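Scroll down for the structure; my scribbles are underneath it.
The values are calculated or read from the model by the stated rules, or taken from the named source; none is laboratory data. Here the structure is a predicted model, which means the values were calculated and not measured. Using ideal geometry, Cβ is built from the backbone for each residue, glycine included, and neighbour counts are taken over all protein chains shown.
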Amino acid sequence: MTDTTVPYVEQAPGDILTADAWNEMQRKIHADIEASSQAAAASVTHVANADDAAHLEGKDLAALTDEVTKRVLDDVRGRTGYQQLFKVLKADEPTIIEHGLGTMPLVDLYKLEYFEVACHEDEEMRASFATFYLVNREERRVRVPTASGGRRSIDIQPPDGPEIGIPFADMLTRYKVPYTDKTNLDDLETEFWKAFFKAPNDRFNDDQYCHSPWFERCCSEQHSVKRLKDQGDWNDMLFIVQPRKTVNFTDTTTPAARFPQPANVFVQHLDNNRTAVWFRPPTPHDPGDDARARAYINDPSSPVIDPDNLSTDGDDIQGRFERELKLMVLLKV
């Protein structure tokens, strides 16, 4: 039987998938799905006893089209050999990534930075250094108690930089977390973390992810997905992670004022389906917030050091900060 399917974007074997071709394919997929959805809707001539005939699980045509498009594009990324992994490397212990791509992929590494946040859990708000954070877009600055009994502000968003954060709804789609309009935010967040920390991602320590005061209030009040949408909050929920890397590092001072990110990392392809990643300790830390993060990671039971009280005591001690490295690993063939 002859295959008469016309590709969205014609590619010959060995061609490089360019940004223009990828963008054009996304546009055509979206248009094709929307046209098919409209045709299917037009073919329905009668729906008996429908209180919400224009919606499916509370989603109208535009919302359904966007969700299906995101799922299709995620599937395309997988089929074209793209993988995004969040890993925790232990000192001198190779992490074996079984990617199953059938050839040795390009490997790109980003250090997952610790960033200061306001965690609100169990009716207590505290400063913390997290790797992943759930927050409302409006919570740009949050006040927290200080170690000395006062209060200070934490900038969740850079005061002078671009906004950071991935829409939480996109993360739910990416990790295939099911929900309906009746699902409450507390259950939805729990199911998201379960899905996010499944293989091939690694499980991160409990003190490395949390949510904001706004999330805590909505979770405790059992806000439903429908209520969040009706109030205009659904699209304002963000998942924050800060992957960074240094390019063309040139610091020649002794000792170094800044360190490359990530540092001391090695990659070795074992065969066409497995790649090993490991690092040599210790993980270096820059002065300032990085040093405060180090103190917290090595002793999460102690309060976060206030910015104006940082000392160099304990710099010779190697703890969890020095013997772990959290990475975002990108694989592409």
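Remarks
- Where Ile164 falls short, out of the listed (1) in contact with a strand residue (DSSP E or B) (Cβ under 8 Å, 6 or more places away or on another chain); (2) outside any loop (DSSP other than H, G, I, E, B): (2)
- Test for Leu185: is it aliphatic (A, V, I, L, M) and touching a His at 6+ places or on another chain (Cβ under 7 Å): yes
- Failed item, numbered, when Asp66 is tested on (1) surrounded by 10 or more Cβ atoms within 10 Å (Cβ to Cβ); (2) modelled with pLDDT under 65; (3) under 21 Å from Lys176 (Cα atoms): (2)
- The single residue among Phe259, Phe249, Phe321, Phe239 that is assigned to a strand (DSSP E or B) and either at pLDDT below 90 or not aliphatic (A, V, I, L, M) (or both) turns out to be Phe239.
- Enumeration of residues in the range 118-132 that are out of contact with any Leu (no Cβ under 9 Å at 6 or more places or on another chain) and of a type in the set (S, T, N, Q): Ser128
- Residue in the range 176-187 that is within 21 Å of Val88 (Cβ to Cβ) and in the same structural domain as Asn235 (by TED's automatic domain parsing) present: no
- Filter pass, Pro303 being more than 12 Å from Leu109 (Cα to Cα) and modelled with pLDDT under 95: yes
- Answer from Val135, Val142 - the residue that is modelled with pLDDT under 95, assigned to a strand (DSSP E or B), crowded, with 17+ Cβ neighbours inside 10 Å and not small (Gly, Ala, Ser): Val142
- Residue in the range 179-197 that is of a type in the set (Val, Ile, Thr), in a loop (DSSP other than H, G, I, E, B) and over 23 Å from Ile297 (Cβ atoms) present: yes
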